[in-house]
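The values are calculated or read from the model by the stated rules, or taken from the named source; none is laboratory data. Remember, predicted model here, so these are calculated numbers, not experimental data. Cβ coordinates were reconstructed from backbone atoms using ideal geometry, including for glycine residues, and neighbour counts include every protein chain displayed. Keep in mind that these areas ignore ligands, DNA and RNA; they rest on the heavy atoms of the full protein, side chains included. Shrake-Rupley method; radii C 1.70, N 1.55, O 1.52, S 1.80 Å.
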Amino acid sequence: MVNHQCLSYYIPQNGRYRAWQFQFGKEKEFVQTFPGRLNVNNAQALMQAAIDGAGVALVSKFMASDAMKAGDLKPLLRDYKSVGPPAWLLYSEKRFQLPRVRALIEFLLANVPKALKRHNAA
């Protein structure tokens with residue numbers, strides 16, 4: 001990637017670039033930060049810049065799937081699995097939860113893992 005024009009996601013809260021993390025097989029991991037030709041803090045803008053030919057970007061598969069199907073984006077490094085940023089679900093203790101909050105938590109816990117599995121299999 002060092003020989004390509006990389007497009008980077010800039011995190012203004014900490015003044016850093018989001019690292020590109022990949023896993024090859026079960027043990028080998030690659031982590032690199034690329035201050036790029038273009039640095040943005042909006043994933044949609046990052047993807048659009050890649051579509052427009054500004055360079056190589058790391059964007060989520062679920063976000064890029066339509067552009068890939070249309071032929072506007074092409075995946076690179078197919079043998080590597082991208083390790084995305086972690087996601088958390090934070091909520092108060094059960095005794096303080098409204099029923100609608102509990103329903104949302106149960107919905108997310110039941111559906112997000114399935115959706116991620118579908119996207120990773122595609």
Amide H of TRP20: which non-local residues (sequence gap of 5 or more, or other chain) have their own amide H closer than 5 Å, using H built in the peptide plane? GLN32, THR33, PHE34
Interchain or sequence-distant (5+) residues whose placed amide H lies within less than 5 Å of the amide H of LEU38 are SER8
Which is farthest toward the positive dipole end of the chain among ALA64, SER92, GLN5, measuring Cα position about the Cα centre, with Cβ charges +1 (Lys, Arg) and -1 (Asp, Glu)? SER92
With unit charges on the beta carbon (Lys/Arg positive, Asp/Glu negative), name the residue among GLN32, GLN44, ALA110 whose Cα is farthest towards the positive pole of the charge dipole of the chain. ALA110
Rounded to the nearest 10 Å², the accessible area of ASP66 using a 1.4 Å probe with every protein chain kept is 110 Å²
Anything over 23 Å Cα to Cα? Flag those among LYS28/LYS69; LYS28/LYS114; LYS26/LYS61; LYS26/LYS74, in the order listed. LYS28/LYS69; LYS28/LYS114; LYS26/LYS74
Coil-residue trypsin sites (Lys or Arg not before Pro) of the range 12-77, DSSP, other Cβ within 10 Å capped at 15: LYS26, ARG37
Please compute, for the alpha-carbon atoms of the range 18-122, the extent along each of the three principal axes and give them in descending order in Å. 51, 32, 28
Cβ-placed point charges (K, R +1; D, E -1), dipole of the range 43-99 about Cα centre in debye, nearest 20: 260 debye
Among VAL59, VAL83, VAL101, determine the one that fluctuates most according to a GNM of the chain built with springs between C-alpha atoms less than 10 Å apart. VAL101
Can you pull out the GluC sites (Glu not before Pro) in the range 18-122 whose DSSP state is coil and whose Cβ has at most 14 other Cβ atoms within 10 Å? GLU27, GLU93
Per GNM of the chain with C-alpha springs under 10 angstrom, the most fluctuating residue out of ILE105, ILE51, ILE11 is ILE105
Nearest 20 debye, what's the magnitude of the dipole of the chain about its Cα centre given +1 on Lys and Arg Cβ and -1 on Asp and Glu Cβ? 400 debye
